[in-house]
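To start, the structure under review is shown below, and the notes come after it.
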Amino acid sequence: MLSVRLNTLIVSCLAGSAIAGTPSLIINGSFEESSLNPGANWSVLGGGDTSINGWITIGSGIDYFGTILNASDGIHSLDINNLSSGGGISQSFVTQVGWTYTVTFDMAANMFGGPAEKIMNVSAGGSAEDFVFDYIAAGSTAQNPNWASHEWSFVATSTSSTLQFTGVSGSVYGAALDNVYVTGEVPAPPALGLIGLAGLMGTRRRR
Ligand SMILES: [Ca+2]
C-alpha cells in the first residue's frame with residue numbers, strides 16, 4: 001500500500017506542474033544577440049528580416065532599440081511597429097501536442113509619440129490575445145519606461161508552434177517588447193488513468 005501511495009505521489013508531482021528552473025524553450029528572448037548594433041539609437045528592420053538571432057520579422061517589420069530606450073533586460077528591446085501598424089516578430093519552436101505553454105514577456109511603449117494606448121497581439125497554437133500599454137498613464141520616459149510584465153498561455157496543437165507578437169495600434173510609435181520567456185507544462189492525465197497507472201505500478205512492485 002505504501003508503494004502505491006508513493007507512486008501516486010510521484011505521478012501527481014510530474015503531471016500538471018511546470019518544470020522549475022527549465023531554460024526557456026525559445027532562444028534570444030531578450031533580443032540581445034544580433035548582427036546589428038543600434039548603439040544609442042535604433043535600427044529599422046523591414047519584414048522578413050532575420051538579423052535578430054532566432055527571430056524573423058513579419059508584416060512591415062520592427063524597430064530594434066539600442067540604448068535610446070531603457071530595456072527591461074540587457075540593453076536591447078523592440079518597437080513592434082516599424083513604419084505603421086501590422087509589424088511584428090515571430091519564432092517557431094518544438095512543442096508537444098496537448099501541452100500548455102506559458103509565455104512571459106515585458107511590455108512598454110515607444111513613448112516618443114502617440115497614440116497613448118499601444119496595443120500588441122500575442123498569438124501561438126491558434127490562440128491570440130491583445131495587450132494594452134498606456135504610456136501616458138504609466139508615466140513612461142525613455143530612461144524609465146515602466147515595463148509591465150505579462151503572462152499568457154496556449155495549448156499546442158502541433159509539434160511546432162510559432163509564437164508571434166504583432167503591432168495593432170497605429171503610427172510609427174508602437175508597443176515595446178523585451179524579455180520573452182517560454183516554458184512547457186505536462187498535461188494532467190485523467191483521474192481514472194492516474195488511478196489505473198498507480199495500481200499498475202503497485203502491482204508490478206509486488207511481483
Ligand atoms: Ca533585452
Problem - Verdict on Ser72 being within 17 Å of the chain's Cα centre (by Cα), within 16 Å of the ligand (Cβ to nearest atom) and closer than 21 Å to Pro115 by Cβ - result: no
Handout entry: In region 157-185, residue modelled with the lowest pLDDT [restricted to those that are more than 14 Å from the chain's Cα centre (by Cα) and farther than 18 Å from Gly59 by Cα]
Key = Glu185
Completion exercise
Matching residues in region 137-155 (buried (at least 21 other Cβ atoms within 10 Å of the Cβ) and either within 16 Å of the ligand (Cβ to nearest atom) or outside any strand (DSSP E or B) (or both)) number 3
Completion exercise
Taking region 72-95 and keeping residues of a type outside the set (Asp, Glu) and either in a strand (DSSP E or B) or in contact with a His (Cβ under 6 Å, 6 or more places away or on another chain) (or both) leaves Ser77, Leu78, Gly87, Gly88, Ile89, Ser90, Gln91, Ser92, Phe93, Val94
Practice task
Can you work out which of the residues in region 23-51 that are within 25 Å of Thr141 (Cβ to Cβ) and aliphatic (A, V, I, L, M) is farthest from the chain's Cα centre (by Cα)?
Solution key: Ala40
Practice task
Evaluate the following for Trp99: is it under 16 Å from Thr183 (Cβ atoms) and in the same structural domain as Ile58 (by TED's automatic domain parsing)?
Solution key: yes
Practice task
Tally the residues that are more than 13 Å from the ligand (Cβ to nearest atom) and either surrounded by fewer than 21 Cβ atoms within 10 Å (Cβ to Cβ) or not assigned by TED's automatic domain parsing to the domain that holds Thr141 (or both), restricting the search to region 29-53.
Solution key: 14
Exercise for the section: Of the numbered conditions (1) at pLDDT 95 or above; (2) in a loop (DSSP other than H, G, I, E, B); (3) under 26 Å from Ile119 (Cβ atoms), Val103 fails exactly one; give the number of that condition. Expected result: (2)
Exercise for the section: Select, from Asn70, Asn81, the only residue that is within 15 Å of Asn179 (Cα to Cα) and among the polar types (S, T, N, Q). Expected result: Asn70
Exercise for the section: For region 54-66, enumerate the residues that are in a loop (DSSP other than H, G, I, E, B) and surrounded by fewer than 21 Cβ atoms within 10 Å (Cβ to Cβ). Expected result: Gly54, Ser60, Gly66
Problem - Given (1) surrounded by fewer than 23 Cβ atoms within 10 Å (Cβ to Cβ); (2) assigned to a loop (DSSP other than H, G, I, E, B), index of the condition Leu69 fails - result: (1)
Completion exercise
Within region 106-133, of all residues that are under 15 Å from the mean Cα position of the chain (by Cα) and not in a strand (DSSP E or B), the one surrounded by the most Cβ atoms within 10 Å (Cβ to Cβ) is Gly125
Practice task
Using the structure shown, decide if Ile10 is at pLDDT 90 or above, more than 13 Å from the ligand (Cβ to nearest atom) and not acidic (Asp, Glu).
Solution key: no
Handout entry: Residue under evaluation Ser92, criteria (1) more than 16 Å from the ligand (Cβ to nearest atom); (2) more than 14 Å from Val182 (Cβ to Cβ), criterion not met
Key = (2)
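The values are calculated or read from the model by the stated rules, or taken from the named source; none is laboratory data. For clarity, every value in this text was computed on a predicted model and none was experimentally measured. Please note: Cβ atoms are built from the backbone with ideal geometry, for glycine as well, and neighbour counts cover all protein chains shown.
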